[in-house]
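Written below as structure tokens is the structure these notes are about.
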Amino acid sequence: DEIIEAAGQTLSPGFVNAHAHLYGVLAHGLPLAKAPSGFWPFLEDFWWPLVEDRLDHEMICAATDSVMVEMLRGGTTTVYDCLEAPYSLPGCLPAQAEVARARGMRAVLSFESTERVSAENGQLGLKENADFVRACRQAGGLVSGLMCFHTTFSCSAKFIQQAFEMGRELGVPVHMHCSEGVHEPEYALKHFGLRPIEYYESLGVAGPGMLASQCVQLSEREIALMAERGIRMTHMPLSNCEVGAGIAPVPELLEAGVTVGLGSDGYVNDFFEVVRGAFLIHKAYKQDPRVMPANKVWHLATEGGARALGLEKVGRLAPGWQADLQLIDSRFPTPTEEHNLYDQLVLWRNHTHVRLVMVGGAVRVRDGVVLGADEEAIRARTHAAARKLWGKVS
């Protein structure tokens with residue numbers, strides 16, 4: 001056995017990034033004539049036409065490799081990626097999976113099916129997910145899949161019910177974005193007379209197999225429904241700020257007993273920053289420093305995220321659990337003791353302090369270096385992909 005000396009370091013489970021858009025890195029710095037004026041313009045005028053609708057397999061794979069290297073270096077051992085690239089169908093998920101397997105990261109991959117392009121394209125998306133789930137089960141290993149569709153405003157009731165039926169048949173969760181801003185609740189009330197979670201309840205799909213991301217604009221009734229039906233949720237504190245969506249009622253969801261994980265949403269990928277955001281934002285919003293204590297937030301970033309994704313024996317240091325680990329330099333200015341360890345980690349560490357990362361028992365980062373990664377070549381490939389995307393911007 002290899003003995004790793006780790007004096008002055010903290011051994012922690014690896015982070016579980018329970019919601020990401022790995023392709024999103026290509027949009028960083030994309031030239032815009034003007035910034036979107038709200039959530040709906042963000043989607044309609046920017047994200048859909050200028051990013052998602054222009055992605056091809058090479059762009060997706062270049063971005064996936066780049067961000068996975070960044071995540072591994074920062075202690076993230078598991079990522080759930082939500083890919084929407086309607087004109088990259090079919091075959092985008094298998095292409096992405098090859099990158100994930102080569103990088104050695106635990107990855108849950110899905111295609112965000114939507115009928116916003118066409119009904120036929122929506123069916124291609126559902127088929128991409130189902131075929132991928134089956135293929136991963138045959139292959140085994142660290143990569144898996146789930147079912148995924150976009151929202152109530154881009155998918156019909158029949159399409160949503162079909163996605164959930166396919167999820168039940170495959171035994172996998174079904175993911176969707178939910179109430180990321182005020183647009184979806186307003187849309188649902190206007191068209192269905194119900195808020196989004198209530199609408200899912202009326203369709204007969206609300207239950208433990210439902211994984212709802214964002215959940216920023218929720219009513220008290222929706223929070224109660226999520227708890228009653230066992231709906232799981234992923235929280236993106238920093239990206240919710242970026243798009244002006246609001247602040248999700250995570251303290252209330254946790255109090256109600258909802259399973260919650262944390263995600264980067266393709267925005268800031270240093271998961272220490274995501275953790276710090278979840279630790280600080282809710283204190284300010286609730287005007288109460290006792291809200292979201294450091295140990296609870298760390299749990300959301302590890303085992304909480306794994307539970308949200310339905311992963312078994314991931315996210316905890318315990319016999320029989322997956323050896324997804326990180327060693328964090330813990331030489332703080334003040335003494336580290338049992339009562340302050342979580343606070344010290346949350347407030348004073350970032351990706352530069354991660355010394356070693358292990359995924360499934362295999363060392364992937366040593367002395368802060370991602371093993372087997374030619375970072376100059378990866379950066380050059382990502383730059384080329386980004387310039388290809390940007391070059392199509394009028």
TODO: Out of all DSSP beta bridges with both ends in the chain, state the antiparallel percent to the nearest 5.
DONE: 35
- [ ] Report the accessible area of W321, computed with a 1.4 Å probe over the heavy atoms of all protein chains in place, in Å² rounded to the nearest 10.
- [x] 60
TODO: Count neighbours as other Cβ atoms within 10 Å of each site's Cβ, and list the trypsin sites (Lys or Arg not before Pro) in the stretch 17-84 that are DSSP loop with at most 11 such neighbours.
DONE: K34
Task: Whole-Å distance, taken between Cα centres, linking the stretch 4-29 and the stretch 33-48 - done: 28
Open item on the list: Could you give me D for the chain, from Stokes-Einstein at 25 °C and 0.890 mPa s, where the hydrodynamic radius is the Kirkwood radius over C-alpha pairs? Units µm² s⁻¹, please.
Closed with: 116
Open item on the list: Probe of 1.4 angstrom, ligands and nucleic acids ignored: what's the accessible area per residue over the chain, in square angstrom?
Closed with: 41
- [ ] Rank these by accessible area, largest first, 1.4 Å probe: S118, S213.
- [x] S118, S213
- [ ] Using the Karplus curve 6.51 cos²θ - 1.76 cosθ + 1.60 with θ = phi - 60°, work out ³J(HN,Hα) for each residue of the stretch 305-322 in order, rounded to whole Hz, and write x for Gly and Pro.
- [x] x, 5, 5, 4, 7, x, 7, 9, 6, 10, x, 9, 8, 7, x, x, 8, 4
Open item on the list: At 1.4 Å probe size, what's the solvent-accessible area of R229? Round to the nearest 10 Å².
Closed with: 90
Open item on the list: If you roll a 1.4 angstrom probe over the protein chains with everything in place, what fraction of the accessible area of the chain belongs to carbon and sulfur, to the nearest %?
Closed with: 52
Task: Whole-Hz ³J(HN,Hα) from phi, Karplus 6.51 cos²θ - 1.76 cosθ + 1.60, for the stretch 360-366, glycine and proline x - done: x, x, 9, 6, 10, 9, 9
TODO: Enumerate the amide H contacts of S113 below 5 Å, restricted to partners 5 or more residues apart or on another chain; note that Pro and chain-start residues carry no placed amide H.
DONE: C148, F149, H150
Task: Extension reserve of the L317-D374 stretch, reckoned as 0.36 nm per residue once the Cα distance is removed - done: 17.5 nm
Open item on the list: If Rh is defined by the Kirkwood formula over all Cα pairs and Rg also comes from Cα, what ratio Rg/Rh do you get for the stretch 250-308?
Closed with: 0.95
TODO: Under a 10 Å cutoff between Cα atoms, tell me which one of V314, V260, V268 has the largest fluctuation in the Gaussian network model of the chain.
DONE: V268
Open item on the list: Given the DSSP H assignment, sum -39500 (n - 2.57) over each helix run of at least 4 residues in the chain and divide by its residue total; what's the result at 222 nm in deg cm²/dmol, nearest 500?
Closed with: -12000 deg cm²/dmol
Task: Candidate aspartates and glutamates - alpha carbon under 15 Å from K313, same-chain residues fewer than 8 apart omitted - done: E303, D324
Task: HN-Hα J in Hz across the stretch 74-89 - Karplus 6.51, -1.76, 1.60, θ = phi - 60°, x for Gly and Pro - done: x, x, 7, 10, 10, 9, 9, 10, 10, 9, 10, 8, x, 9, 9, 7
- [ ] Please list Y23, Y267 in order of solvent-accessible area, largest first, computed with a 1.4 Å probe with all protein chains present.
- [x] Y267, Y23
Open item on the list: With a 10 Å cut-off between alpha carbons and a GNM built on the chain, which of A284, A384, A100 moves the most?
Closed with: A284
Open item on the list: If I model a spin label at K127 and C241 as a point 7 Å from the Cα along the Cα→Cβ vector, what separation in nanometres do I get?
Closed with: 4.3
Open item on the list: Rolling a 1.4 angstrom probe over the protein chains, ignoring ligands and nucleic acids, what is the accessible area of S37 in square angstrom, nearest 10?
Closed with: 110
Task: Interchain or long-range residues, amide H under 5 Å from L262's placed H - done: A18, H235, G305
TODO: Sort Y80, Y87 by accessible area with a 1.4 Å probe, largest first.
DONE: Y87, Y80
Open item on the list: For the ranges 367-380, 129-142, what's the packing order if you count other beta-carbon atoms within 10 Å of each residue, average per peptide, and put the highest first?
Closed with: 129-142, 367-380
TODO: Would you list which lysines come within 24 Å of K158, measuring only between C-alpha atoms, while excluding same-chain residues fewer than 8 positions from it?
DONE: K127, K190
Open item on the list: Let's test this: bin the Cα-Cα distances of the stretch 136-255 at 10 Å from zero up to the farthest pair and state each bin's percent.
Closed with: 13, 45, 32, 9, 1
Task: Nearby lysines by direct alpha-carbon distance to K286 (threshold 27 angstrom, same-chain neighbours under 8 apart not counted) - done: K296
TODO: Search the structure for amide H atoms under 5 Å from the amide H of S330, placed 1.01 Å from N in the peptide plane, and list their residues when 5 or more places away or on another chain.
DONE: Q9, T10
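The values are calculated or read from the model by the stated rules, or taken from the named source; none is laboratory data. Just so it is clear, the structure is predicted and the values come from calculations on it, not from any experiment. Here the Cβ is made from the backbone with ideal geometry for all residues, glycine too, and neighbour counts use every protein chain on show. Please note that ligands, DNA and RNA were not included when accessible areas were found on the heavy atoms of the full protein model with its side chains. Shrake-Rupley method; radii C 1.70, N 1.55, O 1.52, S 1.80 Å.
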